[in-house]
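**Student:** Please find one structure pasted underneath; my questions will follow.
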Amino acid sequence: MTATPPHTKYGSLFDTLSALIEQANTRVIQDEPDPYIYDNVNFFIKSFLVVSCVYLESYLKEVGELIVNSVQQSLRTYPVPHNLVKWSVDDNKDKVYKFSAFELEISKDNIDDVVSGNVGKTINFFKKLGLDVASDPGFQANKDVVASIVQKRNDVVHHNDDANDVSLPDLLGYVRTLKAYVESIDKMVVNSGLLRSLSTTS
């Protein structure tokens, strides 16, 4: 496996978004600008900005679900006693015993509750999954710009900011950065060994 299915999916969506932004920019800067795009360029900029962050957060959620599902499948293939795990983790202080195989109790809602485009929350999310994404040079190289992009999105969504300091060419750079950021995370996920139960089908 060289990339996860979520990476393939959202990498393609980022490419499509870049093409839309390029087309919009071409229509704005041509000798006779497209009046619909030109007169509403701020609306398009805000929309493209929001969509780019939606793709980021959706990737994070889906790759998190992939990891949890893969680990759960491994536990079903190679069962581990529930009580043994409890003993190792918390010495079973509540003295509640369960005579069955250990299973993860992490739902999609649990993942949804902690997933965020916020860089700090992303680092903590992957810590829960067992990955130190902050140690990756590619992640480090892009995290500050990603934090700025996410903050601009938050200002638009939560404070009705006009994002007047963002241009269509700026957005193209943002999408490139988000794509590189996602790729750095995905490489760590693939190389972690956490998806070994899916390696024969991906």
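**Student:** For the stretch 112-133, which residues satisfy the criterion of being of a type in the set (A, V, I, L, M, F, W, C) and touching a Phe, Trp or Tyr at 6+ places or on another chain (Cβ under 8 Å)?
**Tutor:** Within the stretch 112-133, Val114, Val115, Val133 meet the criteria.
**Student:** Then there is this: Say we look at the stretch 21-37 and pick out the residues that are within 33 Å of the chain's Cα centre (by Cα) and of a type outside the set (A, V, I, L, M); which of these is surrounded by the fewest Cβ atoms within 10 Å (Cβ to Cβ)?
**Tutor:** The residue in question is Tyr36.
**Student:** Count, please, the residues in the stretch 87-118 that happen to be open to solvent by less than 90 Å² (accessible area, probe 1.4 Å), closer than 20 Å to Asn69 by Cα and among the charged types (D, E, K, R).
**Tutor:** 2
**Student:** Can you find, within the stretch 60-100, the residue that is nearest to Asp186 (Cα to Cα) among those that are among the aromatic types (Phe, Trp, Tyr) and at pLDDT below 90?
**Tutor:** For the stretch 60-100, the residue satisfying everything is Trp87.
**Student:** Moving on. Taking the stretch 38-55 only, how many residues are open to solvent by 30 Å² or more (accessible area, probe 1.4 Å) and among the aliphatic types (A, V, I, L, M)?
**Tutor:** Looking only at that region, the number is 4.
**Student:** In the stretch 56-85, how many residues are closer than 22 Å to Lys143 by Cα, in contact (Cβ under 8 Å) with a residue 60 or more places away in the chain and open to solvent by 20 Å² or more (accessible area, probe 1.4 Å)?
**Tutor:** 1
**Student:** Can I ask one more? Tell me the residue from Phe48, Phe44 that is touching a residue at least 12 places away in the same chain (Cβ under 8 Å), aromatic (Phe, Trp, Tyr), under 25 Å from Thr4 (Cβ atoms) and not in a loop (DSSP other than H, G, I, E, B), please.
**Tutor:** Phe48
**Student:** May I ask you to say which residue of Thr26, Thr16, Thr8 is free of Cβ contacts under 8 Å to residues at least 40 places away in the same chain, within 15 Å of Leu195 (Cβ to Cβ) and not basic (Lys, Arg)?
**Tutor:** Thr8
**Student:** Which residues, taken from the stretch 119-142, are surrounded by 14 or more Cβ atoms within 10 Å (Cβ to Cβ) and either part of a loop (DSSP other than H, G, I, E, B) or touching a strand residue (DSSP E or B) at 6+ places or on another chain (Cβ under 6 Å) (or both)?
**Tutor:** Leu131, Asp136
**Student:** Restricting to the stretch 167-181, and then to whatever is part of a helix (DSSP H, G or I) and of a type outside the set (A, V, I, L, M, F, W, C), can you tell me which residue is least open to solvent (accessible area, probe 1.4 Å)?
**Tutor:** Top of the filtered list is Tyr181.
**Student:** Of all the residues that make up the stretch 135-169, how many are within 24 Å of Glu22 (Cα to Cα), modelled with pLDDT of 95 or more and polar (S, T, N, Q)?
**Tutor:** Number of matching residues: 5.
**Student:** So which residues in the stretch 185-195 are open to solvent by 10 Å² or more (accessible area, probe 1.4 Å), in contact (Cβ under 8 Å) with a residue 12 or more places away in the chain and part of a helix (DSSP H, G or I), if there are any at all?
**Tutor:** Hits for the stretch 185-195 are Lys187, Met188, Val190.
**Student:** Quick check on my filter: what residues within the stretch 154-166 are farther than 11 Å from Leu49 by Cβ and either in a loop (DSSP other than H, G, I, E, B) or open to solvent by less than 80 Å² (accessible area, probe 1.4 Å) (or both)?
**Tutor:** Selection gives Asn160, Asp162, Asn164, Asp165.
**Student:** Any residue in the stretch 100-116 that is part of a strand (DSSP E or B) sitting within a Cβ distance under 8 Å of a residue that is aliphatic (A, V, I, L, M) and open to solvent by less than 70 Å² (accessible area, probe 1.4 Å)? List the pairs, counting only those 6 or more apart or interchain.
**Tutor:** Pairs found: Ala101/Leu75; Ala101/Val80.
The values are calculated or read from the model by the stated rules, or taken from the named source; none is laboratory data. What you see is a predicted model, and the numbers here were worked out from it, not measured in a lab. Because the Cβ atoms are built from the backbone with ideal geometry, glycine has one as well, and the counts that use them run over all protein chains shown. In case anyone asks, the SASA skips ligands and DNA or RNA and just uses the protein heavy atoms, side chains included. Shrake-Rupley method; radii C 1.70, N 1.55, O 1.52, S 1.80 Å.
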